[in-house]
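Working notes for the structure below.
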């Protein structure tokens, strides 16, 4: 408690300032997610308060972020589509996935996995962040133009036939579930079909139209129609917002430019009675827990999204811990990664229970908090309380904000979130990969793959594929480096210092293999050539293993294959300087002593030479 109150004035000012900065972003991310502005506000309130209370970074301000919202948007759209386009029907399943994601984050922290997040390759993070920016920019084109596909009746009518098929299919599914669907009697089917109204068909058509026009590809598909149906008031409001956000920063950074743009443009639009489209109404009063998450829980409905929930939790962990590093650099402190994950998980879990979208540590809001004087966890908690106060006091007023203003704010977020550092480095990175006639940088290739797959396919899978490709490329590089330094040569071509005086009479009979570095899956192919490279005159092979610190299972079986081949040729194998781990591995599958007798193991080259002079005939 004493630590909480040690900097109460600075924390209060930092928290209030961060809360004000968070307001327009929370509303914008809520709208972008598909659950409405209140979901963004609820997520910001609960995550900011509880992540600060239980987390491991004193100055961190948490809330909905661009990456978390982009992934959430995909999850929300998928579950709504699976529930006939009914948001209310889909909401319990959506929030259950978010709750599960929060619980996964708690699990990551409890298991102590926070310290491993730093091993994610930079090209994967770079490609992902740039893709987030591209996705936000493209998906905000339609609201900026004031075009909403499900309100374009000409476009919606194209889906009527498909809508009728889906409605009929749903009737048949209901009857099958009730056990009354039989081939001999379709009277009940006909009866139910007669009750289908044009409004039902129109509603389903609107759902199909909205789904078809969602995401990056959907936006590109309907863009020609949007350009023919531009609402110039919406365009002017969005552009004015963008101009104020960038222009006001040149005047002062003491006041958040996004907030200034929100207040000024919304005030002008409302004050002059412009015919604009407002955001969805924000419910007044305290947030109410969604009990249906518990009462209507269905494992079947969330099973397809368990992997997605895990991916969302990992993304939140990365997002938060990167911000924690920024906070550490600014405050000269050291965050606790596992505790931070637990705090983020608790915040996201409680936020989901109250209908909020998930989030993470937010860099800009954290920087604002620190610069305004925040030093302890109290600052993040005050930011959450500030947002709750705004919700209770200004909810009805906030409901008058133009949707185009939030689209303008999101466009600036999309521009800001892209990784320009990574993009600028593309021409200068070394081209270490050959694909047909082309030479490319493996780092750039991974970044572009993640960028393109994230933008046009699936964010979650793109990151997974990027990690796999980056890991395989890294393994290949390490394997190549190991192979370069570990080659099979006759003694006369390569000699270590203690081998210089090797007897000439034995050089045609004895060959030496030097293994320098680990014998693992990346270096086994070269090692397996050993048996083929030894000439017919050789009767003995010395394998010097004093510099081979590690052997994995692939290396172990490669070693076994080589030793079996040499034994078939009647060649004796002597191991010199074998270290503890490789020896243990070879003993586990009985290479020692079945293929290599213990008397053929030598601690040093001198003792090995004594055996050779006694047992190998050089004539």
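Per-residue answers, yes or no, for (1) assigned to a helix (DSSP H, G or I); (2) crowded, with 20+ Cβ neighbours inside 10 Å:
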site: 325; (1), (2): yes, no
site: 338; (1), (2): yes, no
site: 349; (1), (2): yes, yes
site: 356; (1), (2): no, yes
site: 373; (1), (2): no, no
site: 383; (1), (2): yes, yes
Self-check item: Pick from region 109-165, criterion modelled with pLDDT under 85 and part of a loop (DSSP other than H, G, I, E, B), ranking: surrounded by the fewest Cβ atoms within 10 Å (Cβ to Cβ)
Solution: 113
Self-check item: Unmet requirement for residue 597, which otherwise passes all of (1) without any contact (Cβ under 8 Å) to a residue 12 or more places away in the chain; (2) in contact with a helix residue (DSSP H, G or I) (Cβ under 8 Å, 6 or more places away or on another chain)
Solution: (2)
Quiz item: Looking at region 410-420, which of its residues are assigned to a helix (DSSP H, G or I) and either in contact (Cβ under 8 Å) with a residue 60 or more places away in the chain or touching a strand residue (DSSP E or B) at 6+ places or on another chain (Cβ under 7 Å) (or both)?
Solution: 410, 411, 412, 413, 414, 415, 416, 417
Quiz item: residue 416 is checked against (1) closer than 20 Å to residue 28 by Cβ; (2) surrounded by 15 or more Cβ atoms within 10 Å (Cβ to Cβ) and fails just one. What number does that condition carry?
Solution: (2)
Exercise. Identify the residue in region 4-49 that is surrounded by fewer than 22 Cβ atoms within 10 Å (Cβ to Cβ) and closer than 16 Å to residue 398 by Cα and, among all such residues, is modelled with the highest pLDDT.
Key: 36
Quiz item: Restricting attention to region 388-403, and to residues there that are surrounded by fewer than 22 Cβ atoms within 10 Å (Cβ to Cβ) and not in a helix (DSSP H, G or I), which single residue is modelled with the highest pLDDT?
Solution: 400
Self-check item: Filter result (surrounded by fewer than 13 Cβ atoms within 10 Å (Cβ to Cβ) and farther than 24 Å from residue 395 by Cβ) within region 248-281
Solution: 250, 251, 252, 253, 254
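Picking from 407, 462, 470, which residue would you name as being assigned to a helix (DSSP H, G or I), touching a residue at least 24 places away in the same chain (Cβ under 8 Å), within 30 Å of residue 267 (Cβ to Cβ) and in contact with a helix residue (DSSP H, G or I) (Cβ under 8 Å, 6 or more places away or on another chain)?
407
So which helices (runs of 4 or more DSSP H) are wholly in region 503-612 and hold at least 1 residues that are modelled with pLDDT of 85 or more and in contact with a strand residue (DSSP E or B) (Cβ under 6 Å, 6 or more places away or on another chain)?
Numbers: elements: 524-527, 530-533, 553-568, 580-588, 591-594.
Those helices (runs of 4 or more DSSP H) span 553-568, 580-588.
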Quiz item: Just checking, which of 301, 313, 349 is within 27 Å of residue 75 (Cα to Cα) and modelled with pLDDT under 90?
Solution: 301
Practice problem: Answer yes or no as to whether residue 219 is exposed (fewer than 14 other Cβ atoms within 10 Å of the Cβ) and farther than 30 Å from residue 337 by Cα. | Solution: no
Practice problem: Could you list all residues from region 200-233 that are more than 28 Å from residue 131 (Cβ to Cβ) and part of a helix (DSSP H, G or I)? | Solution: 200, 201, 202, 203, 204, 205, 206, 228, 232, 233
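Considering only region 55-89, state which residues are over 22 Å from residue 455 (Cβ atoms) and crowded, with 19+ Cβ neighbours inside 10 Å. Give the steps one after another, and end with the answer.
Here is the first cut: in region 55-89, the residues over 22 Å from residue 455 (Cβ atoms) are 55-63, 82-89.
Once the filter is applied, which keeps residues that are over 22 Å from residue 455 (Cβ atoms) and crowded, with 19+ Cβ neighbours inside 10 Å, region 55-89 yields 55, 56, 57, 58, 59, 60, 61, 62, 63, 85.
This table checks each residue for (1) surrounded by fewer than 18 Cβ atoms within 10 Å (Cβ to Cβ); (2) at pLDDT below 80.
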{"site": "439", "(1), (2)": "yes, no"}
{"site": "443", "(1), (2)": "no, no"}
{"site": "461", "(1), (2)": "yes, no"}
{"site": "467", "(1), (2)": "yes, no"}
{"site": "472", "(1), (2)": "yes, no"}
{"site": "481", "(1), (2)": "yes, yes"}
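Does residue 400 count as under 29 Å from residue 116 (Cβ atoms), more than 22 Å from the chain's Cα centre (by Cα) and not assigned by TED's automatic domain parsing to the domain that holds residue 550? Steps first, answer last, please.
Numbers: under 29 Å from residue 116 (Cβ atoms): no; more than 22 Å from the chain's Cα centre (by Cα): yes; not assigned by TED's automatic domain parsing to the domain that holds residue 550: yes.
When the stated conditions are applied, residue 400 does not pass them.
The values are calculated or read from the model by the stated rules, or taken from the named source; none is laboratory data. Keep in mind that what you see is a predicted model, and the values were worked out from it rather than measured. All Cβ positions, even for glycine, are placed from backbone atoms using ideal geometry, and neighbour counts span all protein chains on display.
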